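What follows is one structure encoded as C-alpha cells, with my remarks underneath.
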Amino acid sequence: MQPTLVVMAAGMGSRFGGAKQMEPISEHGEALLDFSVYDALRAGFGKIVIVIKKAIEADFEEAVGARLRRQADVVYAYQELTDLPGGRVPPEGRVKPWGTGQAVLAARRAVGDVPFAVINADDFYGRDAFAVMAEFLSDSPTGYAMVGYRLGNTLSEHGSVARGVCSTENGFLTALTERTKIVKTPDGAAYTEDGETWVPLPLDTIVSMQLFGFLPDFFGHLETGFETFLRNNPDPLKGEFFLPKRVGELISQGQATLRVLESADKWFGVTYREDKPAVVAAIAALRAGGAYPDGQLTMSR
C-alpha cells in the first residue's frame, strides 16, 4: 500500500505578503509544490491530500491543483476556524485557523487507514528526502519519523523563521522544541522567546522542516492534544496548536518514538518575498543539472 502525502497549504504567508503556496517560481509557472509532488510520486507516494481553506479552493485549483491532477490522485481537505471538537465555537474576534496541528487533523478522513507523510506547500525538500521517507513508511514501521535538516541550511537572509529544534540520541528524537523566532547572526544563529533576550543556536543544530512520517494512529493523538490545547490556550485570539509541539509531547511522555532520517538534499523556501529570487535561481540550477525535466513537470498517473 502506497503512503499518502499530506500537504499543508492553508496558510496565507503573512511575512511573505500573500498566498505563497501558489507563487510561481519557475519559467513554466510551477510552484514549489509542483516539485514536491513530482519528487514524492517518484519516491513511491500515492494519493496527495492538500489541506486548504475552502475560501481559496477555486484560486488554488486554477493556479496549482488542476496541474497536479494530471500527475496524481489529488484530494482537498479543509482547515477551517470552526472545525472544533465537542461542539465548541471559536471565540469572538478569532480570524485565523488553529495552526499546523489542526491542519493535519483536518486531513484525517481523506487519509484514512494508511501511513502518511506531512509537508508544507511552500518548502522545497528535495528528492532524497521523499525517498528516505517513502522507504521508512513502506517498511512496516512501528513508530514515526522525520527528515532533519541543519539549521544553517534553513535560515532566511531577510528576517526571522520558525523551526522545531531537535534533540536526538542514537538516531531517535528525544525532544522537539518549537522556536518561533530564529534569526541569522554574524556568529551563527539565535532565537528569542520574549523579543529581548537572544539565545545562541549552533548552525549544525538539527531542525524539523515539518517533513514528518506518521502511522494512522497519530490522528488520535492529535485529537487529544487539540482538545487539551483548546481548554488551556492562554491566547484565544492568536494561539496556535503546533504540530512539532504535539510530536515533542508524545516523545517526552513515552507515547511514541520518532526516527530522525538523514537527507543529502538542501532545504529552501520562500518565507519572505525577498527570498524568492534565490529560490528561483536554485530551481533553475537543479533543472539545468538534470534533476528535473526541461519542460513542465509531468508524471504518468
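Each value in this text was obtained by applying a stated rule to the coordinates, not by laboratory testing. The structure presented is a predicted model; accordingly, all values stated were derived computationally and were not measured. A quick note on method: Cβ atoms are made from the backbone with ideal geometry, for glycine too, and the neighbour counts reach across all protein chains shown.
Couple of notes before you dig in:
- Cβ crowding within 10 Å averaged over residues, with 38-45, 74-81, 107-114 ranked highest first: 38-45, 74-81, 107-114
- Choice from GLY171, GLY152, GLY86 showing the highest fluctuation, given a GNM over the chain with Cα pairs closer than 10 Å: GLY86
- Cα gyration tensor, the range 92-235 - rounded (a/c under 1.5), prolate or oblate: oblate
- All-pairs Cα distance distribution in the chain, expressed in whole percent, bin size 10 Å: 6, 28, 38, 23, 4, 0
- Using a Förster distance of 25 Å, the FRET efficiency for LYS54-GLU227 (Cβ separation, nearest 0.05): 0.60
- Sites listed here are GluC sites (Glu not before Pro) in the range 81-180 whose DSSP assignment is loop and whose Cβ has at most 15 other Cβ atoms within 10 Å: GLU92, GLU157.
- Trypsin sites (Lys or Arg not before Pro) restricted to the range 55-97 and DSSP loop, no more than 12 other C-beta within 10 Å: ARG88
- Helix-only arithmetic for the chain: the sum of -39500 (n - 2.57) across DSSP H runs with n ≥ 4, divided by the residue total, places the mean residue ellipticity at 222 nm at -7500 deg cm²/dmol.
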